[in-house]
Every structure is written in structure tokens, then in C-alpha cells.
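Chemist: I am attaching a structure below and will ask some questions about it afterwards.
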Amino acid sequence: MAHIIDIHTHHAGPPKGGDPLGVAHAMRGQMVGKNMFSDFKGLPGIAYYELTNFQLQQENSHKAGIDYRLMSNPFSAEVLSEISKKPSIDVCKFCNDEIAETVGTAPKDTAGLGTVNPLEKGHIAEAERLLGPMKFKGLQIVTSWHGKFLDTEEAWPFWEYVQDKNVPIFLHPPRVPIGHEQQMDQYKLDELVGRPFDTAMSVARMILSGLFDRFPKLQICVAHMGGGLLPCMGRLDFGWRLGCEGMPERAAIKCKNIPSSYLRKNLHVDIMGVWAPHVAEAVEVFGPDHVMFGTDYGPVPVDPKAHVDIVKNLKISDADKEKIFWKNANAYFKLGMQ
Amino acid sequence: MIVDIHTHFNEPGVPQSLGIDMRNPKGTYHTMPSAQMAEFGQFDKQIEVNEKAGVDKRIMSSPFGAEMFSAMTDRPSTDVVKAINDSIAKTVARKTDRLWGMGTANPLEKAHIKEAERCMGPLGFKGLLCTTSWHGRYLDNEEAYPFWEWAEDTKTPIFLHPVRTPIGHNNQMDQYKLDELIGRPFDTGMCLARMILSGLFDRFPKLQLSVAHMGGGLLPVMGRLNFGWSLGCEGMPERAKIKCKDEPQSYLRRNFHVDTMGLWAPHVREALEVFGPDRVMFGTDYGPVPIDPKEHVDIVKTMGLSQADEEKVFWKNADAFFNLGLAKTAAKAPAHA
């Protein structure tokens, strides 16, 4: 049977149950029509009402032919942990419990992706709670956490755990991306350009630092077609080929093999970008076995059908389209769908 | 015929003429480790390697010397661009049958227009390289309007190229050459996104810009610019609002051209699809990026283009964009029997 599984969809409920994290004041936004405007760290942003309206999400997704969704919270844990005085583990738990509650209302056609911070060793216990008793299907990890990227040594115990347990990982950029202090408060540039580049930086660092030589079986799925990675990929290759002779140790590229060789070994991407030419490039580069359907629906209230049509119009076989629509996600997140 | 629009040579003596001690540089440059490749300063080798690769003619520029040196000297930036432009004239004079010059200027300083006129007039340059940002400031700023007005009026060919120290450089880009490998295309992507979203092309609709590195990081975020625009900016403060009149992607084939530099065939393919074969030009970054230009040639040859389109990419688009006069010369040449 044919399915469409959306691996990249977000929901965040309206604040309720008091203010256990002590963040309400800092996070308070202004209602503009049905949407909420906020100005976190001087970066203006709009939270569209679709983000908080689960029933509407379900209806629009079903109408577009999507019959299963993996729900996550894009970056609340990373944002709230910067504001809250509570330990970051409590913040993650709060966000994860909220996702569990949401998917609990539609257990047949939704499942949760939890979140933790790979840079803190104490978060592995929360990851185990999520993948065990909470029955989450994977972990959504932000590409940087308060400006720190995921290739640093502090994250190694986490990656070791992920590799050992074969945990499905979904990488997603944070609210406040790299370079945000340089006039990204204009024209939504933090969202439109900054975030894909935070992703590119995170993945490039993983490759160039040799993280995938240390954890060769690591499998990571990356949002937004890999963010801004692909136009830089040939650059990573020539940077590696030309060598780092004479550079200080911290600056030298460490990976053993040519950077592009890690793409099909360790990485998967979703198709979210509403830009067919780059979806085509992603399919060419990663191969049809490593691309999954994802929409960012909720915070990005573009009709999910637009994403479906992009995949339908790709110049690939129907069998490959089925892989992208559901078979790859079914295998990667172990959903057990027939 | 193959014309390379994106190639650099490091004419010696420029920083010294500006009183800059490169062994002890000021600013952020000394915290971003980089290896300057020997080929950047080997003129004869560059000529030889290009001949072997079948690259007939090259447009030479300084990638970001002006932006970098102007942060390292107390001399006025007009002196810095003059020194750079004189050095390019000197380089080109070494081999006039193979090389053309491309000058440089800072669009954010009105005083640079005069130097730009010197480049396009007495120096005989074919265009101007502008860095995508200048000391962290972008080119959609109001201060750049006189320059863009001048460029539009005079139809000056512009080539946008990223800076030495790109956006985000202070966030651990001193590792793994990330400033060069990721930061620079990111700076380009940011520059172009700002030009489009700020409405610069509504103000100067005839502006024609060619962009290095296949548009830098622009294409994977292009659909994002579109949905950011179509979802609207209701309730956002004035400075944050997207200002362009039309859907962002509609400016791509109106105002932009790109080169093929990136050593990544799949993205050259995307660039050809998005910009069309009339707006893609051959470029290699040879010199500072000492990869055999033949690799770039081969990438274009594997694109499956018609012969007519391949010729456009290899030289005809550059001929038209930079007014190189190649087609005219070819027409005048006597026909072979």
C-alpha cells in the first residue's frame, strides 16, 4: 500500500499549566490577527496559528494525502533552556512531554520525535526514556546549541550511544542561527538564510572533524535538503584535497576520506525547501534511498500538497518516489508500516 | 573558445605599498588560519596550466584584497582600491593577448565611483569585482544606492565575490577552513538574499550582476525566500519586513548571472536549470584555488548541454556580459578556405 509519511512537522501547544520553567515573561508575544509575533534576542519572528492548531494540521495533511506524521518541536528546548533557570534536562522533558501529549491524541497517524542536547552527557537518560517508555520514533537534535556545534568532544558519548543503539536522528536548525548578530533581524533572514547555514555548518563540521571516522555507523537525517550544504560540497572536497600543511592543529581538516564520500554513508535528508531544483540535486547527490518526505508544516503553513507535487514531478521512477514518500522513512524510523 | 571570468593573481608589493605588515596583520585576519597556495603568485605557471587546460582567455581580479587591506591600513579606502587596481593593470600587461582586467570598488562608498570610472575608462578593465560585504556591511544599504544607480546607468558589468572574513566567522570558523569552505558561500547567499528582499532590484530594475560560486549558498534557500515573501510580514517591525514587490525567485533571471565555480557538478546542473544557459558563465577561481582548470571544463562538458548552450557557458555569455568583443573579432576574421 502506498503511503505518504511526513517526517518533518511541528506542533507547539498554547501555554498552559502555569509556567513551570519560568519563561512566560521572556517568551510572551503579541497577537497579530491569529498569529503571534515575538522578538527573541532582537530577531523578529511570526508564529503562525497553524503551529498550535493540531486539528487543522491533521485535516490539511490528510487532504494532501499524508497519512502519517512524525511530530517534533523545532527548537523550543534550545531556546527555553537559555531563558529558564531550570536545568536543561527539565526543559527537554517539558517539551518532550508536550509532544507526547499531542501525538497521544492521534496515535494511529502520528508519532513523536523527542529532543535532547547531545553536548550534555546527562541527556542520554532522557533519550532512553523517550525511545523506551515514551515510544518516540527518534530524536530531533538542533544543529547548534547556544552557538556550540555537535562535533565537539562533549558530544562523543551521545554519538556513541546513538551509534550503539541505532537511534534515528533528525537534525534541525535552531531559532537563533550562526551569524545572527550580523543584521539578520531584517527580512526574516534568520529563518530564510541563517538556519540552513547553521545546518550546513553543523554537518560540514561533523564531516571535516572526522566524527564519522570515529562513529562510522552513525546515520543522521538532515532537515531542509541538508540546509546550505550542497553548494559547498565541492568546496569541502577541494579544501580536503589541497591539504592543511602548515596550519595550526585546531584548523587542520581531520577526516580520512574525501568529504563527499560521507554523504551516502552517514547522511539522509528531507525534501523541505519548496524548491524543486534543489530537491532534484539532493536526490542526485544522496540517492533515492537517502531522501525522505518532509514539510515543516505548522510553523511553515504552506499547503503540504505543494511538497507532495514537488516529489511527484521529479524525473525518477515510481518506485523511487515511493521510497521518498514513505519507504525510506519507514525503514529509517522503524515505523513498521506495510 | 573558453573564457574564464573568475581567476586571480597576487601581484606582489601591494600591502607593502599601503604600509601593511603582512607578518603581523591587524584585524580578524590573523585568527582565521589559511594557506595561501603557491599558484596564486606564480604567473608563468598560471599561463602554462591554463593553456594546457584549453582556457584561452581569462579575466583577472583580486578576490578580496581591497576589503581586507582597507581594514589593515590607516590610508583611505580609495587609496587601497587604487593600489589594487593598479596591480591588476600590471598583471594584465604581462600577457595582453590572454588576459583582461577586472577592477574593484566598494559600493558603500560614493567616492569609489570615480575610481570605478578610472577602471572602466583609462585602465580598460572589463568589469568590477565587488565583495559581497565590506567589513560586515551588506550592499543593499542605502549608502550603496549612488553606486548601483551609476552601475545601472553605465551598464557596468559587476562580479560579486565573497570576502576573506565572512558572516559568522566569529563562531568557530577558525577550524577546518570553514571560513573559506562554508562561510564565504554563506556571505554570498546572504548578500543576494538581502538585495532581493530589500527591493533593491525594484529600485534599479536593470541592474545586472554576475555572482561567483554558482550564487554561493543562494539556491538551497531560494524556496525559503519565496515562502517568506508569500506568507507575509504582518505585525513585524518596519525594518524586518520583506520589501520586494515580486516573488523573490522572479528576480533570478532578470538581474543575475552566475559562474560555474564550485567543483560540484550537481549544483552546476541546478544553476543551469534555475538561471538558464544564457546566465551561466565559466569560472574557476584558479590561483588561490589551484585545482586544474580542466576539472571545471570537464564538469561543463558533462552537463549534457547542446553545443550552442555549451558555447554560451564557455564564452558567449561572458563575451556579451563583459563586452569582450570576441564575437565581433570572430566575425571580422577571414573565413577559412
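Chemist: Once amide H atoms are placed 1.01 Å from N in the peptide plane, what residues at a sequence separation of 5 or more from A:Arg69, or on another chain, have their amide H within under 5 Å of its amide H?
Modeler: A:Asp6, A:Thr110, A:Ala111
Chemist: Oh, and also: What list of ³J(HN,Hα) couplings, whole Hz, do you get for segment A:215-230 from phi and the Karplus terms 6.51, -1.76, 1.60, once you set θ to phi - 60° and write x for glycine and proline?
Modeler: Running phi through 6.51 cos²θ - 1.76 cosθ + 1.60 with θ = phi - 60° gives 10, x, 8, 4, 10, 10, 9, 10, 5, 6, 6, x, x, x, 5, 4 Hz.
Chemist: While we're looking at this one, here's another question. Given H placed 1.01 Å from N in the peptide plane, which residues other than close sequence neighbours of B:His6 have an amide H under 5 Å from its amide H?
Modeler: Amide H neighbours of B:His6: B:Ile59, B:Thr284, B:Asp285.
Chemist: For A:246-255, what's the mean count of beta carbons from other chains sitting within 10 Å of each residue's beta carbon?
Modeler: What the average comes to for A:246-255 is 4.
Chemist: With a 1.4 Å probe, what is the total accessible area buried between chains B and A, in Å² rounded to the nearest 100?
Modeler: Separately minus together, B and A give about 6300 Å² buried.
Chemist: Excluding A:Lys63 itself, what net charge comes from residues whose Cβ is under 12 Å from its Cβ, given Lys and Arg +1 and Asp and Glu -1?
Modeler: It works out to a net charge of -2.
Chemist: Okay, next question. Sort out for me the Cα centre separation of segment A:296-319 from segment B:170-216, rounded to whole Å.
Modeler: 27
Chemist: Sticking with this one: Please state the shape class of segment B:1-146: rounded when a/c is under 1.5, otherwise prolate if a/b exceeds b/c and oblate if not, all from the C-alpha gyration tensor.
Modeler: Taking the square roots of the gyration eigenvalues as a ≥ b ≥ c, segment B:1-146 is oblate.
Chemist: If you plug each phi of segment B:74-79 into the Karplus form 6.51 cos²θ - 1.76 cosθ + 1.60 with θ = phi - 60°, what whole-Hz ³J(HN,Hα) values come out, in order, with x for Gly and Pro?
Modeler: 8, 5, x, 4, 5, 5
Chemist: Okay, moving on. Just to make sure I understand: if all protein chains stay in place, what is the order of A:Met27, A:Met247, B:Met190 by accessible area at 1.4 Å, largest first?
Modeler: Result of the area sort, largest leading: A:Met27, A:Met247, B:Met190.
Chemist: A further question on this structure: DSSP loop (so not H, G, I, E, B), at most 16 other Cβ within 10 Å: list which trypsin sites (Lys or Arg not before Pro) in segment A:133-173 pass both filters.
Modeler: Sites meeting the loop and neighbour criteria: A:Lys135.
Chemist: Got a sec? Which residues of segment A:191-207 lose 50 Å² or more of accessible surface with every protein chain in place, vs. that chain alone, 1.4 Å probe?
Modeler: With the partner chains in place, segment A:191-207 has these residues losing at least 50 Å²: A:Leu192, A:Val193, A:Phe197, A:Met201, A:Arg205.
Chemist: Which percent, nearest 5, of DSSP beta bridges in segment A:141-292 are antiparallel?
Modeler: For segment A:141-292, the DSSP antiparallel bridge percentage is about 15.
Chemist: Quick one: among B:Arg137, B:Arg269, B:Arg279, which has the greatest mean-square fluctuation in a GNM of chain B with alpha-carbon springs under 10 angstrom?
Modeler: Between B:Arg137, B:Arg269, B:Arg279, it is B:Arg137 that shows the largest mean-square fluctuation.
Chemist: I need the peptides B:220-226, A:308-314, B:167-173, B:309-315 ranked by packing, meaning the mean over residues of other C-beta atoms within 10 angstrom, with the highest value on top.
Modeler: Highest to lowest by the protection proxy: B:220-226, B:167-173, B:309-315, A:308-314.
Chemist: Residue by residue, what Karplus-based ³J(HN,Hα) values in Hz, rounded to whole numbers, does segment A:126-132 have, using 6.51, -1.76 and 1.60 with θ = phi - 60° and x for Gly and Pro?
Modeler: Once rounded to whole Hz, the list reads 5, 4, 5, 4, 5, 7, x.
Chemist: What average count of beta carbons from other chains do you get within 10 Å of the Cβ of residues in B:40-47?
Modeler: Going residue by residue through B:40-47 and averaging, the value is 0.
Chemist: With a cut-off of at most 10 other beta carbons within 10 Å, and DSSP calling the residue loop, which chymotrypsin sites (Phe, Trp or Tyr not before Pro) in segment B:152-211 qualify? Please list them.
Modeler: Within segment B:152-211, no chymotrypsin sites (Phe, Trp or Tyr not before Pro) qualify (loop, at most 10 other Cβ atoms within 10 Å).
Chemist: Just to be sure I understand: with springs between alpha-carbon atoms less than 10 Å apart, which residue in B:Pro290, B:Pro162, B:Pro76 has the highest mean-square fluctuation in the Gaussian network model of chain B?
Modeler: Of B:Pro290, B:Pro162, B:Pro76, the Gaussian network model singles out B:Pro76 as fluctuating most.
Chemist: Where a ≥ b ≥ c are the square roots of the eigenvalues of the C-alpha gyration tensor, would you call the protein assembly as shown rounded, which needs a/c under 1.5, or, failing that, prolate if a/b is larger than b/c, or oblate?
Modeler: Prolate is the answer for the protein assembly as shown, as a/c is 1.5 or above and a/b outweighs b/c.
Chemist: Looking only at other chains, what is the average number of their beta-carbon atoms within 10 angstrom of each beta-carbon in B:210-223?
Modeler: On the way: counts 0, 0, 0, 4, 2, 1, 3, 10, 3, 8, 21, 16, 6, 14.
Across the residues of B:210-223, the mean count of other-chain Cβ atoms within 10 Å is 6.
Chemist: Out of residues 5 or more away from B:Tyr138 or on other chains, whose amide H comes under 5 Å of its own, with H placed 1.01 Å from N in the peptide plane?
Modeler: Placed amide hydrogens put nothing under 5 Å from B:Tyr138.
Chemist: I've got another one for you. With a 1.4 Å probe and every protein chain left in place, work out the accessible area per residue of chain A in Å², rounded to a whole number.
Modeler: Per residue, chain A has 37 Å² of solvent-accessible surface.
Chemist: With each run of n ≥ 4 DSSP H residues scored as -39500 (n - 2.57), what mean residue ellipticity at 222 nm is computed for the protein assembly as shown after dividing by its residue count and rounding to the nearest 500 deg cm²/dmol?
Modeler: -10500 deg cm²/dmol
Chemist: Which percent of the accessible area of the protein assembly as shown is formed by carbon and sulfur heavy atoms (probe 1.4 angstrom)?
Modeler: 51
The values are calculated or read from the model by the stated rules, or taken from the named source; none is laboratory data. Note that this is a predicted model, so its numbers are computed, not measured. Here the Cβ is made from the backbone with ideal geometry for all residues, glycine too, and neighbour counts use every protein chain on show. Just the protein is used for accessible areas: all its heavy atoms, side chains included, with ligands, DNA and RNA removed. Shrake-Rupley method; radii C 1.70, N 1.55, O 1.52, S 1.80 Å.
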